[in-house]
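First comes the structure, then the notes that go with it.
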Amino acid sequence: MTFLMGQAHEPFQEREELSGTQRRSENRAAIVSYFESGIKERGEALGIELERILVRHITDENGDDSLVPVPYSGDLGVAWLLDRLRSWYPDASYDAEGDLLGVARPGESVTIEPAAQVELSAGPFIDLRAAQHCFEQFQRLLESILAPHGIEALTVGYNPIAAARDLELIPKERYTYMDRWFQRISDFGMTMMRGSASTQVSIDYTSEDDCLRKMRVAFALTPLFALICDNSAIFEGAPREHELVRTEIWEFCDPARCGVVPGILDASFTWEDYADHILDTPAILIPNETGRAHYEERTFGEVFAHTVMTRADVEHAVSMFFNDVRLKTYIEIRPADSMPVPYVIAYAALIRGLFYDEANLVRLEERYASVTEEDLAEAKHSLMAHGYAGEVYGRPADEEAQRLIDLAEASLSAEDRALLAPLADLVRSRRTFVTRDQR
């Protein structure tokens, strides 16, 4: 079985000299300052994002039922849903043409992904029961609005009824330019934008060192997180040909800004190195002073060769990276598929037990200290081919996944262990959502 794995990105060499950048050091410092602004006194809170794919039941003249995608526009499109949600989420955001793109209230925002996937972002949470209540409440609200119209909000990792090319983009310039860029590289950019849906959990850091050690551990664990949360049975309208569909999509859609950040697994890597990686990567798009975007193939370093980046510039730049683990003013852990709410909360409990327990973090840091980018790619390849029967860094994947559950269970409170149980049971069965449902 052959996988189209992404090749390691080689940063532009001597970018400062080649481009004549006179503001390089200032922009490096601006990016580092942005990361520094995320430092917390304590690391204990979690942010959670869950994306859903909307489908609608249609009955034809023969009484046969079928499913069709729910687009952004139309009488019962996602724009209609967002408008209905404004009764509960009164803060609305629009594009320059007046299209409704998101709604929010304190601590929660509902936004839409490129092909109208609906995302709830919420937190930060210290109490996971509060997170559970938040996401269950939103689930009930969605069902109350959508069910009377035969619409379901699916928590799966990939659109089960349509190919990416058949799904329209929402009216947002950002996605038009991203689509244009990614299609120059491979079809995986299209499948990423239009077909995929994810679960993301964010964690805090207390210093640069704490941030980078957590990121190194998180990157090493991404193959296992992807396996534990694998929930994509269908890819491009047909049964998938291998496991961990999301892993292949994100590894190959744009190697320059996905997968692992080049060099970050080395203990000598710094935030300045991270800033250089950002500056040396093509921008794809740049917003102007009015908020409108224009297509841009130059690197961020070239775009800002004679201008110091503002905080908004930096925020935009980091948003154009889609690594398995992404740094903003918090650390986003991104390899998991969309899952039902109980498993999302269980996954958040797993992340808490691994990253917010110092003894566990030290154990994991030591266990995976020698992992290289090549090792990481090999682990992904093995798990895509063999699932729980694969290997991770020379060890059986099933045993490594079970070890993560055991470590988390030993560190969590009794209440959080109870929340972890659905995912712990799935791992103990050595099955994923997909293989479980195929029994």
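Values in this text are rule-based calculations from the coordinates and carry no lab data. All figures in this text were calculated on a predicted structure; none of them were measured in a lab. A quick note on method: Cβ atoms are made from the backbone with ideal geometry, for glycine too, and the neighbour counts reach across all protein chains shown.
Our helix-only sum for the chain, with -39,500 (n - 2.57) per DSSP H run of n ≥ 4 divided by its residues, gives a mean residue ellipticity at 222 nm of -13000 deg cm²/dmol.
If the segment from Thr59 to Arg42 were pulled out straight at 0.36 nm per residue, it would be longer than the present Cα-Cα gap by 0.7 nm.
For the chain, relative contact order (Cα pairs under 8 Å, six or more residues apart, normalised by length) works out to 22 percent. Based on alpha carbons, the Rg and Dmax found for the range 53-131 are 15.5, 52 Å. Is the shape of the range 307-439 rounded, prolate or oblate, going by the alpha carbon gyration tensor and its root eigenvalues a ≥ b ≥ c, with a/c under 1.5 for rounded and a/b larger than b/c for prolate? The shape class here is prolate.
Listed values for the range 377-388 are Karplus-derived 3J(HN,Hα) couplings in whole Hz (6.51 cos²θ - 1.76 cosθ + 1.60, θ = phi - 60°), namely 4, 5, 5, 4, 4, 5, 6, 5, 7, 10, x, 5, and x replaces Gly and Pro. How many angstrom lie between the C-alpha centres of the range 306-337 and the range 104-182? Using only Cα atoms, the two centres lie 20 Å from each other.
Order these by the 10 Å Cβ neighbour count, fewest first: Ile203, Ile170.
If I rank by nearby Cβ atoms, fewest first, I get Ile170, Ile203.
When you restrict to C-alpha pairs under 8 Å that are six or more residues apart and normalise by the size of the range 188-306, the relative contact order lands at 21 percent.
Can you classify the chain as rounded, prolate or oblate using the Cα gyration tensor, where a ≥ b ≥ c are the square roots of its eigenvalues, rounded means a/c under 1.5, and otherwise it's prolate if a/b beats b/c and oblate if not? Since a/c stays below 1.5, the shape of the chain is classed as rounded. Full extension of the chain segment joining Arg105 with Asp166 gains 18.7 nm, where the gain is 0.36 nm per residue of separation less the Cα-Cα distance.
Peptides 176-183, 140-147 ranked from most to least packed give 176-183, 140-147, packing being the mean of other C-beta atoms within 10 angstrom over each peptide's residues.
Which of rounded, prolate, oblate describes the range 135-224, given a ≥ b ≥ c as roots of the alpha-carbon gyration tensor eigenvalues and a/c under 1.5 marking rounded, otherwise prolate only if a/b is larger than b/c?
Oblate shape, in that a/c is at least 1.5 and b/c is the bigger or equal ratio.
Projecting the Cα atoms of Cys253, Ser319, Ser411 onto the charge dipole of the chain, computed from C-beta unit charges around the Cα centre, puts Ser411 farthest toward the positive end. Under the criterion of Cα pairs below 8 Å and six or more residues apart, the relative contact order for the range 90-149 equals 17 percent. Stretching the chain fully between Ser66 and Ala130 yields a gain of 19.4 nm (0.36 nm per residue, less the alpha carbon separation).
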